[in-house]
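Chemist: Quick one: the structure is below, questions incoming.
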Amino acid sequence: MKSVIVLPTYNEKENIRVLIPELEKVFKKIKNQDMHILVVDDKSPDNTALEIKKFQKEYKNLHLIMGEKQGLGIAYLNGFRHAIDELKADIMMMMDADLQHPPELVPEFMKAIDEGYDFVIGSRYIKGGATPDWNLKRKIISRGGNFFARIIAGLYNVHDCTSGFRAIRVSVFKKIRFDNLNTRGYAFQSTILYEMINAGAKVKEIPLVFYERKHGESKLKTKDMLEFFLNAFRLRFKSSKKMIKFAIVGFSGVFVNMFFLWFFTESYNLNYMVSSPIAVEISVIWNFLMNNFWTFKSSNTTSNFLMKLFKFHITAFTGFLINYLILIALTEQFGLYYMFSNLIGIFVAFIWNYLVNVKWTWREKGE
């Protein structure tokens with residue numbers, strides 16, 4: 001397999017002089033990957049590109065593309081396109097060019113990829129990871145931003161959502177629409193994580209000890225921080241749209257369920273305990289079709305239609321048992337009118353159905 005490390009640069013001449021030889025040295029330890037480096041330089045005033053061109057005479061696996069300075073996210077997207085279309089990469093790595101991401105960790109990323117993971121993150125916030133050189137202010141900002149991304153954007157299962165040291169399996173990345181990755185600055189890190197998880201990526205974090213940069217200055221600006229926080233809310237709203245659609249479908253299913261419960265009970269004089277399972281099955285099929293072709297349209301493929309229907313039925317059957325038991329308990333034990341009892345049961349079953357379906361039937365969290 002071919003792996004391409006994408007390095008965005010802007011005024012990183014001093015760092016690149018050290019990083020490129022270090023990476024090439026590490027590549028010799030990786031036996032099962034064809035390792036390449038792609039530098040994406042934003043026309044650095046310090047002539048970073050000239051340093052790269054000098055190294056290209058020695059290293060044939062070193063590539064360079066250049067563009068206008070438009071932000072970290074745009075630089076990565078340009079690099080990803082080139083890595084996939086021109087270099088035919090199977091694996092892409094995101095890495096800072098400022099020496100804060102240790103080259104000696106690259107084999108660990110490749111090992112995790114070989115183990116079957118699709119998105120590997122160098123994590124500062126798991127056991128073995130650290131930020132030993134940071135002052136208290138920077139630690140608070142980083143921890144706070146990471147906590148914000150996890151809670152607001154809904155990236156609960158990842159400890160380090162803002163780390164820029166990552167490996168990505170291209171076959172999964174191709175499931176993402178490029179226009180979904182529309183953040184320009186450092187918010188790109190949380191955006192691509194969110195999209196990869198929703199594309200079904202199997203995620204692993206490996207420990208990263210993150211030191212201060214030795215040369216140059218940080219590119220993080222106030223506008224980047226603002227975009228990051230606004231983007232977290234955008235991602236939450238984006239994920240909530242599916243929940244809203246799921247709720248709308250569930251709400252329509254209530255009418256389907258209630259109609260057929262009434263229809264079989266009142267028109268055919270069936271006992272409500274018999275009518276209810278029939279009404280539930282009809283509404284389950286209705287809800288599945290609506291969710292599959294609307295709510296989770298991006299996950300819909302004909303090849304796994306029957307498997308999804310099977311999973312949805314298992315989830316719905318459990319939800320039905322919850323609904324059914326509540327219906328009987330409230331009607332028989334508390335004397336509640338059976339239609340009201342059924343509504344309460346439907347609501348509780350809805351919570352169950354949503355949580356299970358997004359994590360299993362349509363694999364919303366990539367688990």
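Chemist: If you go through segment 332-349 one residue at a time, how many are among the aliphatic types (A, V, I, L, M), without any contact (Cβ under 8 Å) to a residue 60 or more places away in the chain and in a helix (DSSP H, G or I)? Before the answer, list the steps.
Modeler: Of the residues in segment 332-349, the ones among the aliphatic types (A, V, I, L, M) are 336, 339, 343-344, 346, 348-349.
Adding the requirement that they be without any contact (Cβ under 8 Å) to a residue 60 or more places away in the chain leaves 336, 344, 348-349.
So of that shortlist, the ones also in a helix (DSSP H, G or I) come out as 344, 348-349.
The qualifying residues number 3.
Chemist: Okay, next question. So residue 98 ticks every box in (1) crowded, with 19+ Cβ neighbours inside 10 Å; (2) more than 25 Å from the chain's Cα centre (by Cα); (3) free of Cβ contacts under 8 Å to residues at least 40 places away in the same chain but one. Which box is left unticked?
Modeler: (3) is the only condition that residue 98 fails.
Chemist: Which residues, counting only those in segment 135-151, are in contact with a helix residue (DSSP H, G or I) (Cβ under 9 Å, 6 or more places away or on another chain) and surrounded by fewer than 17 Cβ atoms within 10 Å (Cβ to Cβ)?
Modeler: Within segment 135-151, 141, 151 qualify.
Chemist: Just to verify a result, which residue in segment 19-33, among those that are at pLDDT 95 or above and open to solvent by 60 Å² or more (accessible area, probe 1.4 Å), is nearest to residue 75 (Cα to Cα)?
Modeler: Here the answer is 22.
Chemist: Still on this structure, I have one more. Looking at segment 49-61, can you tell me whether even one residue there is under 20 Å from residue 114 (Cβ atoms) and surrounded by fewer than 20 Cβ atoms within 10 Å (Cβ to Cβ)?
Modeler: Of the residues in segment 49-61, the ones under 20 Å from residue 114 (Cβ atoms) are 61.
Okay, now just the ones that are also surrounded by fewer than 20 Cβ atoms within 10 Å (Cβ to Cβ), so 61.
Yes.
Chemist: What are the pairs with Cβ atoms under 6 angstrom where one residue, in segment 264-279, is closer than 19 Å to residue 316 by Cβ and the other, located anywhere, is at pLDDT 90 or above and assigned to a loop (DSSP other than H, G, I, E, B)? Sequence gap at least six, or different chains.
Modeler: 264/270
Chemist: Considering only residues of segment 179-227 that are in contact with a Gly (Cβ under 6 Å, 6 or more places away or on another chain) and at pLDDT below 80, which is surrounded by the fewest Cβ atoms within 10 Å (Cβ to Cβ)?
Modeler: Only one residue tops the list, namely 184.
Chemist: Within segment 102-125, can you find the residues that are surrounded by fewer than 16 Cβ atoms within 10 Å (Cβ to Cβ) and either in contact with an Asp or Glu (Cβ under 7 Å, 6 or more places away or on another chain) or assigned to a loop (DSSP other than H, G, I, E, B) (or both)?
Modeler: 115, 116, listed by residue number.
Chemist: Then there's this: Is there a residue being out of contact with any helix residue (DSSP H, G or I) (no Cβ under 9 Å at 6 or more places or on another chain) and either surrounded by 15 or more Cβ atoms within 10 Å (Cβ to Cβ) or in a loop (DSSP other than H, G, I, E, B) (or both) anywhere in segment 266-283?
Modeler: Among the residues of segment 266-283, at least one is out of contact with any helix residue (DSSP H, G or I) (no Cβ under 9 Å at 6 or more places or on another chain) and either surrounded by 15 or more Cβ atoms within 10 Å (Cβ to Cβ) or in a loop (DSSP other than H, G, I, E, B) (or both), which makes the answer yes.
Chemist: Here's something else I'd like to know. Being crowded, with 16+ Cβ neighbours inside 10 Å and of a type in the set (Lys, Arg) is true for just one of 297, 311. Which residue is that? Walk me through how you get there before you give the answer.
Modeler: Values: 297 fails: crowded, with 16+ Cβ neighbours inside 10 Å.
One residue alone meets the criteria, 311.
Chemist: Next question. If I go through segment 43-88 residue by residue, how many of them are part of a helix (DSSP H, G or I) and either over 21 Å from the mean Cα position of the chain (by Cα) or of a type in the set (Lys, Arg) (or both)?
Modeler: Filtering segment 43-88 for residues part of a helix (DSSP H, G or I) gives 48-56, 72-85.
Those left that are additionally either over 21 Å from the mean Cα position of the chain (by Cα) or of a type in the set (Lys, Arg) (or both): 48-56, 81-82, 85.
Counting residues in segment 43-88 that are part of a helix (DSSP H, G or I) and either over 21 Å from the mean Cα position of the chain (by Cα) or of a type in the set (Lys, Arg) (or both) gives 12.
Chemist: Still on this model: Considering segment 1-15 alone, what residues qualify as being closer than 25 Å to residue 107 by Cβ and either out of contact with any Ser or Thr (no Cβ under 6 Å at 6 or more places or on another chain) or open to solvent by 20 Å² or more (accessible area, probe 1.4 Å) (or both)?
Modeler: Taking segment 1-15 and keeping what is closer than 25 Å to residue 107 by Cβ, we get 1-9, 12, 15.
Once the filter is applied, which keeps residues that are closer than 25 Å to residue 107 by Cβ and either out of contact with any Ser or Thr (no Cβ under 6 Å at 6 or more places or on another chain) or open to solvent by 20 Å² or more (accessible area, probe 1.4 Å) (or both), segment 1-15 yields 1, 2, 3, 4, 5, 6, 7, 8, 15.
Chemist: Another question, then. Identify the single condition in (1) more than 21 Å from residue 188 (Cα to Cα); (2) in contact with a Gly (Cβ under 9 Å, 6 or more places away or on another chain); (3) of a type in the set (Gly, Ala, Ser) that residue 49 does not satisfy, given that it satisfies every other one.
Modeler: (2)
Chemist: Can you run down the residue pairs with Cβ atoms below 7 Å, 6 or more apart or on separate chains, where the first is in segment 101-112 and at negative phi and the partner is open to solvent by 30 Å² or more (accessible area, probe 1.4 Å) and in a helix (DSSP H, G or I)?
Modeler: Partner pairs satisfying both residue conditions: 103/22.
Chemist: Next question, about the same structure. Hey, any hits in segment 25-37 for a residue that's among the hydrophobic types (A, V, I, L, M, F, W, C), in a loop (DSSP other than H, G, I, E, B) and more than 19 Å from residue 103 (Cα to Cα)? Talk me through it step by step, then tell me what you get.
Modeler: Taking segment 25-37 and keeping what is among the hydrophobic types (A, V, I, L, M, F, W, C), we get 26-27, 30, 35, 37.
Filter once more, keeping what is in a loop (DSSP other than H, G, I, E, B): 30.
Adding the requirement that they be more than 19 Å from residue 103 (Cα to Cα) leaves none.
So far as segment 25-37 goes, no, none of its residues is among the hydrophobic types (A, V, I, L, M, F, W, C), in a loop (DSSP other than H, G, I, E, B) and more than 19 Å from residue 103 (Cα to Cα).
The values are calculated or read from the model by the stated rules, or taken from the named source; none is laboratory data. Everything quoted here is computed from the prediction, not taken from an experiment. Glycine gets a Cβ as well: all are built from the backbone with ideal geometry, and neighbour counts include every protein chain shown. Please note that ligands, DNA and RNA were not included when accessible areas were found on the heavy atoms of the full protein model with its side chains. Shrake-Rupley method; radii C 1.70, N 1.55, O 1.52, S 1.80 Å.
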